[in-house]
Each structure stands twice: as C-alpha cells, then as structure tokens.
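The values are calculated or read from the model by the stated rules, or taken from the named source; none is laboratory data. Note that the structure is a prediction, hence the values are computed from the model and not measured. Please note: Cβ atoms are built from the backbone with ideal geometry, for glycine as well, and neighbour counts cover all protein chains shown.
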Amino acid sequence: MAKNIRVLPALAPQEINGLPENVKKRACAYCRVSTDSKEQESSYESQVNYYIAYIRNNPDWTFVDIYADEGISGTSTKKRDDFNRMINDCMKGKIDIVITKSISRFARNTLDCLNNVRKLKNKGIAVFFEKENINTLDTTGEVLLTILSSLAQDESRSISENVKWGIARQFQSGRVLVNTTRFLGYDKDENGELIINEEEAKIVRRIFIEYLEGKSYNAIAKGLMADGKRRLSAIQNGGTQQ
C-alpha cells in the first residue's frame, strides 16, 4: 500500500534590512583594542586585516568599510569616534550587517550595547558577534537582547546600590564627600579631611559680604574678575565653581 507523503514548503529565507537572502548584503566590521601598548597595536592591526579579508572572501557580502577605534576603552561608546561613525552610516542606510569579534569589543557597557543593537535591529540591520556566534536578527539574537536587558537592569541597580552603600560608609567613617576642585575656600589634607584654604577664604568672605549688601551673582563675579581674581563663572549661576 502506497504511503501518502506530505512535502513541507521551504522556510522563507531570512531577510536582513528588507533584502532577501540571495541579494548581497553590504557588510562592515567594527574593531577595537583598549590600550596603546605595542602588543595591543599588533592586535588592532590584525583585527583590521582579518575583517577586510573575512568580508571580501564572503560571496554573499559586499565590503563597505572597517570601523576601528584604537587605544580607547569600551566602557562607553560616547568617545569612540569610528563606532559612532559606523552607527551614523547604518542609520543612513549604507550598511546591512555589522561584524565584530565579540560583545565586549562592541561595548562593555550593557546599556550602550543594548541601545545600539536595538537601534540597528529596528532598521533591519544585523550585528554578528563572531565569538558568541550570535546574529541579532535571528532567534538567538532575541535571547541575547533578553539577557542584555536583564544585565542592564541589574547593572543599573547594582551601581545605584553600590553608590548609596559607599556614601553611607563614608559618612559613617566621618569622611567628607566633597570635590574640593569645585568647592571654593577648602582643600583636603592627606587624610581626606577638609581644611580651610586661607587665600580662597578671603574671596568667600568677600562674596558673602557683597551678597548681603544686595549685589547680584553677576555683579559679584564681574567685580572679582575685574580685580584679577580667578575666574568664578559658576557664581553667575549661584554656585562657587572655580
């Protein structure tokens, strides 16, 4: 007796940036090392050369560019010029897929990583983390985003709790938490205790006297600068920043 055979249709190819699988994707790579040492400089050059060949040897990709930041920490993306140039090019529709060595190379700050991955994902742009073998547009990428979301929340909560704990401990030990570079009239001694800076104290007393006499912050600041005192621009805003 002949068996009935049911043929299942092939799954639709995954789309990147709205492009079907048989259309070449415009690919770039992001490289980064954290220090300026000779060893890291060699690692930086190796990363760049590797990804140029990696992209050009893939028949499904068209090489766009290599974005690379040398000697810059991955803690925050704000100061990484080439990283930000890459994101801008992605937003302009110049790139379909970003290849990078690992999550830590892309960003060590999970909030930055999550925000940028989602920004690119919303534009249909994939990020491929080679070490973790993760493509942010497939189902594994969804798991990654979930994990990053959790890490971002835990990181934010942990930082907040650590800061609060640190401040409480400092107060309990009698330590003064003041940045004296922005606190006119005081310095810190070798034990971290506040001590009066006598020269600056004269300026502080003058400020208080003139304020009690009815002068505005702006007038007080102008008077000090006219007399050759150091610039106290924050006085105009009600502060005592040097």
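Quick look at the values:
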{"item": "Region 42-58, subset modelled with pLDDT of 90 or more and polar (S, T, N, Q), residue surrounded by the fewest Cβ atoms within 10 Å (Cβ to Cβ)", "result": "57"}
{"item": "Failed item in (1) closer than 25 Å to residue 88 by Cα; (2) modelled with pLDDT of 70 or more; (3) not β-branched (Val, Ile, Thr), with residue 161 passing the rest", "result": "(1)"}
{"item": "Qualifying position, being out of contact with any Ser or Thr (no Cβ under 6 Å at 6 or more places or on another chain) and at pLDDT below 90, among 81, 89", "result": "81"}
{"item": "Single match in 149, 102 (criterion: modelled with pLDDT under 75 and within 18 Å of the chain's Cα centre (by Cα))", "result": "149"}
{"item": "Condition check for residue 137: more than 22 Å from residue 63 (Cα to Cα) and assigned by TED's automatic domain parsing to the domain that holds residue 32", "result": "no"}
{"item": "Where a residue in region 82-96 is outside the structural domain of residue 61 (by TED's automatic domain parsing) and under 14 Å from residue 115 (Cα atoms) and its partner, wherever it lies, is at pLDDT 95 or above and surrounded by 14 or more Cβ atoms within 10 Å (Cβ to Cβ), with Cβ under 9 Å and at least six apart", "result": "none"}
